[in-house]
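K.L.:
Below is one structure. I have some questions about it.
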Amino acid sequence: MGFEMKIYTKTGDKGTTSLVGGKRVSKSHARINAYGSMDELISYLGLLRDQGIREEIHDFILLIQDKLMICATLLAADCEDCKEKLPGLDESDINVLENEIDTLEKELSPLYTFVIPGGHSTISHTHVARSICRRVERLVIKLTETGEVNNLILKYLNRLSDYLFVLSRKFHKDFKINEIPWKPKV
């Protein structure tokens, strides 16, 4: 099943950590910031999953968390030929998100304006997860400016934030809570 993980190693006591492949970098390195924020997103999706939502949505979010763990692993890897085989992400993972978005949107009325988040704690948690996802996407984009990043990670994050927005709208419908359209006063 793998090797036992020791919780503390003391190797990071001086502000550095190891990437997959062994290279040590500062804990403030852009790569660490990206996959650390990915970890925050994964954790927040766990909180969303714990909101007493329908089983099929619960299970779909669990699948998303698994894919994000893969993304985090890929972001943590800095080796041309890693000794360990790394998990992968492929276009079909993005297609799964797109298909789920399409399925949810069939149940929703068209949207003509931005909406103000809120109305129920599950809806609000979904919007917070979406916002974290957008931040992670920006951090990964920043990382692409300094190094090579699997483009599928960016695509997955972009589609995931779309999914979370549509899911928030679905929760509005399921909980019979009206969306509040944003009407800018100009």
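Read-outs: derived from the displayed coordinates by stated rules, not from any lab. Computed from a prediction, not measured in an experiment: that's the story for all the values here. FYI the Cβ positions are ideal-geometry reconstructions off the backbone, even for glycines, and counts take in every protein chain you see.
K.L.:
Between beta-carbons, use under 14 Å as the cut-off and find the net charge around residue 40, counting Lys and Arg +1, Asp and Glu -1. Numbers along the way, then the final one.
P.N.:
Working: positive: 130, 134, 135, 138; negative: 39, 137.
After counting each charged neighbour, the total is +2.
K.L.:
Determine the alpha carbon to alpha carbon distance for each of 67/155; 67/176; 142/170; 142/173; 106/173 and list only those over 24 Å. Intermediate values should be presented prior to the final figure.
P.N.:
Numbers: 67/155 12 Å; 67/176 31 Å; 142/170 32 Å; 142/173 36 Å; 106/173 12 Å.
In this structure, 67/176; 142/170; 142/173 exceed 24 Å between Cα atoms.
K.L.:
Still on this structure: Give me the number: length gained by fully extending residue 62 to residue 116, i.e. 0.36 nm times residue separation minus the C-alpha to C-alpha distance, one decimal in nm.
P.N.:
Numbers: separation 54, 0.36 × 54 = 19.44 nm, distance 2.64 nm.
Extending this stretch completely gives an extra 16.8 nm.
K.L.:
Taking 22 Å as R0, compute the FRET efficiency from the Cβ-Cβ separation of residue 43 and residue 175 and round it to 0.05. Spell out each step's value before the answer.
P.N.:
Numbers: r = 24 Å, r/R0 = 1.08.
Efficiency for this residue pair is about 0.40.
K.L.:
For residue 135 paired with residue 98, estimate the spin-label separation in nm (one decimal), with each label point 7 Å from Cα along the Cα-to-Cβ line.
P.N.:
With each label point 7 Å from Cα toward Cβ, the separation is 2.9 nm.
K.L.:
Find how much the distance from residue 107 to residue 69 grows on full extension, using 0.36 nm per residue of separation minus their present alpha carbon separation; answer in nm with one decimal. The partial results should precede the final answer.
P.N.:
Working: separation 38, 0.36 × 38 = 13.68 nm, distance 2.99 nm.
Between residue 107 and residue 69, full extension yields 10.7 nm more.
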